[in-house]
Every structure is written in C-alpha cells, then in structure tokens.
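Trainee: Encoded as structure tokens, here's the structure I'll be asking about.
Just so you know, all these numbers are worked out from the coordinates, no wet-lab data involved. What you see is a predicted model; the values in this text were computed from it and never measured. Every residue, glycine among them, receives a Cβ derived from its backbone with ideal geometry; neighbour counts consider all protein chains shown.
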Amino acid sequence: DSGVTQTPKHLITATGQRVTLRCSPRSGDLSVYWYQQSLDQGLQFLIQYYNGEERAKGNILERFSAQQFPDLHSELNLSSLELGDSALYFCASSVGGQGNTEAFFGQGTRLTVV
Amino acid sequence: GQQVMQIPQYQHVQEGEDFTTYCNSSTTLSNIQWYKQRPGGHPVFLIQLVKSGEVKKQKRLTFQFGEAKKNSSLHITATQTTDVGTYFCACNSGYSTLTFGKGTMLLVSP
C-alpha cells in the first residue's frame, strides 16, 4: 500500500460526459502529480500541484483541469469526453516538488469512454 | 522540455539470462529515478541516482548513472519470473519535475 488513494478505481462513461477523479496523497506529501497511461504508451505527465498551487503543466488538454485543495487532496476533471480519453489515470505524491524525492503512486483510475 | 529515451522498448528473456535497459538524455540530468510497474499494477519506486558515475545495487539489480549524467542503466542479473514488468526511468525535465521515459517491458519465460 503506497498510501496514495485514488477513487474511483473504475469508471465507465459516455462520450461528451464529464467526470472527476480524486486523489488523496500520502500523509505529509505536498506534491501531487497526475499522469495518463494509455495502451503502449508510457506515463504522460499531465499536471503537478505543490502545496495547493500549480507547479508544472504537461500536455494536458484544455478539456481537462485539476486543482489541489487546502487539505492537499487533488481532483482531475475531464470534460467533453472522447473515446481517445480512455486510459489509466495515475496520481502520485511526493514530499518535495523538485523531482528529487521518491514518488508514490496510487492504484490508478481506469476510465473507459463508450 | 527535457526528455529521456529508453531502449529497448521490449525484451523477452529466458529465466536466468541477464537483462539491461538504458535511459538516455541529450542534456545533463540533475538526478534520475527508476520505477517498476508490474502488469496490472502501478509504478513503484526502485532507486534514485544523483552523483556522476554512481553505481547502486539492490540484490540482483545494478543501477548506474553515467559520468556525464546524461545516461543511466538498469541491469538485472539472472532474471526471475518475478522480474516481469515495465521498467521506467524518470527525470526532472524543463516542464515537469518528474518526466518518465516510455519504459522497457520485460518478459521472462520460465
């Protein structure tokens, strides 16, 4: 158990819909990362928050947004969903925000868009 | 942003054979991390390398950071079926503090 909790584990939704993925980081970790993993793809970096503020942004689509709340949990919002958005979405947390401390991953949310 | 290239993309070995995956960058890295993702699982941190020329060992796994801090390797001696999974390197890039390579998928046949 990494200590990072992601909900839900599985999500099936229709095209055009909107969903919210939730991540609770490990206790004490200030940094939260979101990654997308599709078949045959690596871990595509989406966005990073550190202590409530956006730290870095990857190739995140405009239809996607995220935030980190005062209690440090984070949510990833995906809207106007398309079939191609079907993927495994991972959240990871770390103590630091500079990529020089171990990152702990959640179990992931498998999103299927039909 | 800074990218890391991993090779090979895929390798299938017989149990007992050795395995090596390489991670290369065109620019100097401040540090590099290695993760393992088992099939159906999530990435799990293995190690971090920081110093030029650093070599670290974990049982049958040997991790190396190049002298120029532009490349790294993970070598597994005498693979076992439990080594199956995808091995990722990750680095601090210009746009993300933790950018992952595409990974090397290792299959081990008994």
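Trainee: Through the Karplus equation 6.51 cos²θ - 1.76 cosθ + 1.60, θ set to phi - 60°, convert the phi angles of segment A:88-94 into ³J(HN,Hα) values in whole Hz; use x for Gly and Pro.
Mentor: For segment A:88-94, the Karplus-derived couplings read 9, 10, 10, 10, 9, 10, 8 Hz, x marking Gly and Pro.
Trainee: Could you give the Stokes-Einstein D for segment B:61-110 in µm² per second, using the C-alpha Kirkwood radius, 10 °C, 1.306 mPa s? Don't jump to the answer; show the numbers that get you there.
Mentor: Details: Rh = 12.6 Å.
Approximately 126 µm²/s, per Stokes-Einstein.
Trainee: Could you pull out every Cys in the protein assembly as shown that lacks a partner Cys with its beta carbon under 4.7 Å away?
Mentor: Flagged as lacking a Cys partner: B:CYS91.
Trainee: Still on this structure, I have one more. 7 Å from Cα along Cα→Cβ at both B:ARG60 and A:LEU39: what's the point-to-point distance in nm?
Mentor: 3.1
Trainee: Largest first and to the nearest Å, give the Cα extent of chain A along each principal axis.
Mentor: 37, 28, 25
Trainee: Excluding B:LEU46 itself, what net charge comes from residues whose Cβ is under 13 Å from its Cβ, given Lys and Arg +1 and Asp and Glu -1? Before the final figure, lay out each step's value.
Mentor: Values: positive: B:LYS36, B:ARG38, B:LYS56, B:LYS57, B:LYS59, B:ARG60; negative: A:GLU102, B:ASP83.
So the environment of B:LEU46 carries a net charge of +4.
Trainee: Work out, in µm²/s and without decimals, the Stokes-Einstein translational diffusion coefficient of the protein assembly as shown at 25 °C, 0.890 mPa s, Rh from Kirkwood over C-alpha pairs.
Mentor: Values: Rh = 17.9 Å.
This corresponds to a translational diffusion coefficient of 137 µm²/s.
Trainee: Rg over Rh of chain B, using C-alpha atoms and the Kirkwood radius, what does it come to? Intermediate values should be presented prior to the final figure.
Mentor: Working: Rg = 13.3 Å, Rh = 13.8 Å.
Taking Rg over the Kirkwood Rh, I get 0.96.
Trainee: Let me ask another. Treat each spin label as a single point 7 Å out from the Cα along the C-beta direction, and report the A:ARG110 to B:THR77 distance in nm.
Mentor: Modelled inter-label distance: 3.8 nm.
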